[in-house]
Amino acid sequence: MKILHILDHSIPLHSGYTFRTAAILREQHRLGWETFHLTSPKQGEVEGDEEDVDGLHFHRTRYRPRKSPGLGEWGLMQALTRRLEAVARELRPDVLHAHSPALNALPALRVGRRLGIPVVYEVRAFWEDAAVDHGTSRENGLRYRATRAFESYILRRVDHVTTICNGLREDIIARGIPGDRVTVIPNAVDAEAFRLGGEPDADLKTELGLDDARVLGFIGSFYAYEGLDLLLEAFPHILEQAPNVRILLVGGGPQAERLEEQARRLGVAGRVVFTGRVAHDRVQRYYDLVDLLVYPRHSMRLTELVTPLKPLEAMAQGRLLVASDVGGHRELIRHGETGWLFRADDVESLARTVLDTLARESEWPQVRAAGRHFVEEERTWVRSVARYRPIYEGLKGIPEVARAG
């Protein structure tokens, strides 16, 4: 089995996108499949046409973007189409597997039709949602409607669609795509790569002013949809009943300054620790300081449809967590069993759930164990990647004249 993956970007860049990709490729190798990997011009400046990174070999697309207004995306797709056709003619894969966004799928469709190779399109999020700042505004605007129409055009014409969760699958089917052509390949983790939570580093705890504190934590990127503003808004209510609670926010992002200002305005700045970004090899030390991870995502199209990776990573480590009941969280967290859910965008519900969870310390070992068990049984890459097999094998046997579109 020879699969050519077409990617937006890859390692050595760090993102949830690149981590998922690397995990999929390594598991496909373990299954004995031969994979090839081509990144779009959005990889950025590259030194050559090919590159080896952490045991994976990547073909790159060199491209200098046009400065003409409105031609950016078109130029990217044209460059990727040319590069993909050259690579595909050389490698002759059995399947072209294009990953989000749709800008990668159209070149794959063009090349697939020319060379008679079936195309799988993997939707990790919809391009139209990225086009409106993660679904926060302008969902009826011209750009939104155009990108949504483009996405739907692609979905109707590829040979099979994979996606990361049921929320996205339901949206795809609602666009008229037959359910038997849409398969969920859920986000997962390598459970063996995560150790169960360790003892807090006493020196680091003292350094951060967290001695004798119960610590609520968030470790990740500070985007508006993550809802960290809601956590800060609820914090004074939590302190009224639990004055020894502190908040630890590890990371950075577009909302960092706004969140720091909000903490000052609420009078809790002295009890909220902003560490800034932390090197990947040091993050575990900060996880070990946290008693309860909080994922307060706002309810919006993106968070209702898409499952995040962070709660899975937390459960793999046997961490305790509370999260808003947006659709993406409900697919991952079983309330009262593997974590606790509160009403999205409800400050009172968040505060009450945190306080109630802190008061249920006798239940913590059971919940930690249940979260780890859920990951080991249902959300490993071994289980997820195995779902590709019937898709690929089915497409190899489809005559060109019978393919979608």
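The values are calculated or read from the model by the stated rules, or taken from the named source; none is laboratory data. What you are looking at is a predicted structure, and each value in this text was computed from that prediction instead of being measured. We place every Cβ from the backbone using ideal geometry, glycine too, and count neighbours over all the protein chains shown. Surface areas here come from the heavy atoms of the whole protein model, side chains and all, with no ligands, DNA or RNA. Shrake-Rupley method; radii C 1.70, N 1.55, O 1.52, S 1.80 Å.
Taking region 43-60, which residues are more than 18 Å from LEU25 (Cβ to Cβ) and polar (S, T, N, Q)?
none
Is there a residue being open to solvent by less than 60 Å² (accessible area, probe 1.4 Å), among the polar types (S, T, N, Q) and farther than 30 Å from GLU233 by Cα anywhere in region 382-402?
Yes, region 382-402 contains at least one residue that is open to solvent by less than 60 Å² (accessible area, probe 1.4 Å), among the polar types (S, T, N, Q) and farther than 30 Å from GLU233 by Cα.
A quick yes/no check of all residues on (1) closer than 18 Å to ALA191 by Cα; (2) modelled with pLDDT of 95 or more:
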| residue | (1), (2) |
| --- | --- |
| LEU309 | yes, no |
| THR338 | yes, yes |
| ALA351 | no, yes |
| TRP364 | no, yes |
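From ARG64, ARG30, grab the single residue that is among the basic types (Lys, Arg), open to solvent by 30 Å² or more (accessible area, probe 1.4 Å) and under 21 Å from ASP190 (Cβ atoms).
On the way: ARG64 fails: under 21 Å from ASP190 (Cβ atoms).
Testing whether each residue is among the basic types (Lys, Arg), open to solvent by 30 Å² or more (accessible area, probe 1.4 Å) and under 21 Å from ASP190 (Cβ atoms) leaves just ARG30.
Which residues, taken from region 39-67, are among the aliphatic types (A, V, I, L, M) and touching a helix residue (DSSP H, G or I) at 6+ places or on another chain (Cβ under 8 Å)? Steps first, please.
At the first step, the residues of region 39-67 found to be among the aliphatic types (A, V, I, L, M) are 46, 53, 56.
LEU56 - this is the single residue of region 39-67 that is among the aliphatic types (A, V, I, L, M) and touching a helix residue (DSSP H, G or I) at 6+ places or on another chain (Cβ under 8 Å).
Let me confirm something: among LEU289, LEU305, LEU249, LEU320, which residue is touching a strand residue (DSSP E or B) at 6+ places or on another chain (Cβ under 6 Å), under 30 Å from THR163 (Cβ atoms) and not acidic (Asp, Glu)? Working first, answer last.
Details: LEU289 fails: under 30 Å from THR163 (Cβ atoms); LEU305 fails: touching a strand residue (DSSP E or B) at 6+ places or on another chain (Cβ under 6 Å); LEU249 fails: under 30 Å from THR163 (Cβ atoms).
The conditions single out LEU320.
Keeping to region 312-322, report how many residues are open to solvent by less than 20 Å² (accessible area, probe 1.4 Å) and under 17 Å from ASN187 (Cα atoms). Spell out how you get there, then give the answer.
Initially, region 312-322 is screened for residues open to solvent by less than 20 Å² (accessible area, probe 1.4 Å), giving 312, 314-318, 320-322.
Still in the running and under 17 Å from ASN187 (Cα atoms): 312, 314-317.
Total satisfying the criteria: 5.
Considering region 73-91 alone, what residues qualify as being touching a strand residue (DSSP E or B) at 6+ places or on another chain (Cβ under 7 Å) and more than 10 Å from ILE6 (Cβ to Cβ)?
LEU91
Do you know which residues across region 314-350 are in a helix (DSSP H, G or I), closer than 17 Å to LEU216 by Cβ and of a type in the set (D, E, K, R)?
Passing the criteria: only GLU348.
Every residue in region 198-242 that is in contact with a Lys or Arg (Cβ under 8 Å, 6 or more places away or on another chain), outside any helix (DSSP H, G or I) and open to solvent by less than 40 Å² (accessible area, probe 1.4 Å), please. Full working, then the answer.
In the first step, residues of region 198-242 are kept if they are in contact with a Lys or Arg (Cβ under 8 Å, 6 or more places away or on another chain); the result is 201, 204, 209-211, 213-216, 219-220, 225-227, 229, 235, 239, 242.
From what's left, outside any helix (DSSP H, G or I): 201, 209-211, 213-216, 219-220, 227, 242.
Across region 198-242, the qualifying residues are LEU210, ALA213, VAL215, LEU216, ILE219, GLY220, GLY227, ALA242.
Starting from region 243-257, take each residue that is closer than 9 Å to GLY217 by Cα and list its partners that are of a type in the set (Lys, Arg) and modelled with pLDDT of 95 or more, counting only C-beta distances under 6 angstrom and pairs at least six apart or across chains.
ARG246/ARG271
What single numbered condition from (1) touching a strand residue (DSSP E or B) at 6+ places or on another chain (Cβ under 7 Å); (2) aromatic (Phe, Trp, Tyr); (3) not in a strand (DSSP E or B) fails to hold for PHE274?
(3)
Under 6 Å between Cβ atoms, at least 6 apart or on separate chains: pull out the pairs that start in region 345-374 with a residue that is open to solvent by 80 Å² or more (accessible area, probe 1.4 Å) and end on any residue that is not in a helix (DSSP H, G or I).
ARG368/GLY318
Just to be sure, is PRO107 crowded, with 16+ Cβ neighbours inside 10 Å and part of a loop (DSSP other than H, G, I, E, B)? Talk me through it step by step, then tell me what you get.
Values: crowded, with 16+ Cβ neighbours inside 10 Å: yes; part of a loop (DSSP other than H, G, I, E, B): no.
For PRO107, the condition - crowded, with 16+ Cβ neighbours inside 10 Å and part of a loop (DSSP other than H, G, I, E, B) - is not met.
Check off (1) closer than 22 Å to ALA193 by Cβ; (2) in contact (Cβ under 8 Å) with a residue 40 or more places away in the chain; (3) touching a His at 6+ places or on another chain (Cβ under 9 Å); (4) among the small types (Gly, Ala, Ser) for GLY318 and give me the number that stays unchecked.
(3)
Condition first: open to solvent by 40 Å² or more (accessible area, probe 1.4 Å) and outside any loop (DSSP other than H, G, I, E, B). Now tell me which residues in region 293-310 satisfy that.
Residues satisfying the conditions are ARG301, GLU304, LYS310.
Which residues, taken from region 268-292, are buried (at least 16 other Cβ atoms within 10 Å of the Cβ) and of a type in the set (Asp, Glu)?
ASP288, ASP291
I need the full set of residues from region 1-27 which are assigned to a strand (DSSP E or B) and either surrounded by fewer than 17 Cβ atoms within 10 Å (Cβ to Cβ) or at pLDDT below 95 (or both), in order please.
So the first thing to find is which residues in region 1-27 are assigned to a strand (DSSP E or B), and the list is 2-7.
Matches in region 1-27: LYS2 only.
Among (1) touching a strand residue (DSSP E or B) at 6+ places or on another chain (Cβ under 8 Å); (2) crowded, with 24+ Cβ neighbours inside 10 Å, there is one condition ASP325 misses while meeting the rest; what is its number?
(2)
Restricted to region 246-259, and to residues that are surrounded by 16 or more Cβ atoms within 10 Å (Cβ to Cβ) and more than 21 Å from THR206 (Cα to Cα), which residue is nearest to the chain's Cα centre (by Cα)?
GLY252
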